[in-house]
Amino acid sequence: MIRSLYQRIQSSLDSNQIPVLVFFSSLFIFISFAGTRLFLSDDGVILDQFYNLINGSLALKIAKISTAKGVFILVGNNLYGIFSYSLLFLALPVFYVLGAIDSIYGAHLFLLILWAFSGGFTVYLIAKIRNLKYAVIAGAAAFFMLTAANLYYFKPIYFSMWGEVLSLEFTNIFISSLLVLVVYLLFKKFFGKKIGIFASFFIIFATPISFYAITLKHHTLAIFLTLLAFYLFHEYTEKKR
């Protein structure tokens, strides 16, 4: 059974090398940009929203950080941030998963290993696509080199203090990587594989997508859902014909 599952995964990987490469290379780039910080007061309001949601309230009753400015609305006796809760609900299971991982060996180490794995897997896929002989060795070497370099230079990010920020940011990064993948699939459909690859990486470096990916804002989720709806509608109409 395990062998059959492995063969199915390997077959799926071989037939989708470029899309998988686009996703993991995007993940590696976005995590490389990431960091525990708040850019604007709006980020602070969203963080307080998430902190209250974890504690069972949609209203802003508890402050994770002090937010003097931001977009608020008073409904009855309850104060709310005027932002969608969609990203917060998506980040909620991520928060609990990272919390469970943190209790075992540290959420910051998990994110470090995920970053190194994304980089190593990207190297492996590039080597495999180019039919290089030692693709597995190259990917493994990149993984261990990235892990060693990060362990040497990075400072621990403690989940008890930064758990909410890490969860929101990681959720945004994952959504952003999916967004880049949808851009690739969409442009490949209309213009071919090379233009799809160019467009997917162009959107990372030449648009605010990379900035939104490492903030706590909802912009990336809105763009992702819009493009995904357009892509799926196009796929549906193609199959209907």
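Bear in mind these aren't lab numbers, they're just calculated from the coordinates by the rules spelled out. From a predicted model like this one, the values you see are computed outputs, not experimental measurements. Positions of Cβ are backbone-derived with ideal geometry, glycine not excepted, and every protein chain shown enters the neighbour counts.
The Rg/Rh ratio of region 144-185, with both radii computed over alpha carbons and Rh defined as the Kirkwood radius, is 1.14. The alpha-carbon positions of the chain define a convex hull whose volume is 175 Å³ per residue. Tell me, rounded to the nearest percent, the portion of alpha carbon pairs in region 106-241 spaced more than 27 Å apart. Summing the P(r) tail past 27 Å for region 106-241 gives 35 percent.
All C-alpha pair distances within region 60-112, sorted into 10 Å bins from zero, spread as 19, 35, 30, 15, 2 percent across the bins.
Calculated FRET efficiency, TYR105 to PHE202, Cβ-Cβ distance, R0 = 45 Å: about 0.75 to the nearest 0.05. From least to most packed, judged by other beta carbons within 10 angstrom and beginning with the fewest, VAL180, VAL97 follow the order VAL97, VAL180. Across all C-alpha atoms in region 43-147, the radius of gyration and Dmax reach 20.6, 67 Å.
Of the peptides 201-212, 181-192, the ranking by mean beta-carbon count within 10 Å, highest at the top, reads 181-192, 201-212. Between SER66 and ALA140, the modelled labels are 5.4 nm apart [label points 7 Å from Cα along Cα→Cβ].
With helices as the sole contributors, the chain gives -25000 deg cm²/dmol at 222 nm; each DSSP H run of n ≥ 4 counts as -39500 (n - 2.57), and the sum is divided by every residue. Taken over region 164-241, the convex hull of the Cα atoms encloses 78 Å³ per residue. Projected onto the charge dipole of region 96-241 (+1 at Lys/Arg Cβ, -1 at Asp/Glu Cβ, origin at the Cα centre), which of LEU151, ILE101, ILE126 gives the Cα projection farthest towards the positive end? Value: ILE126.
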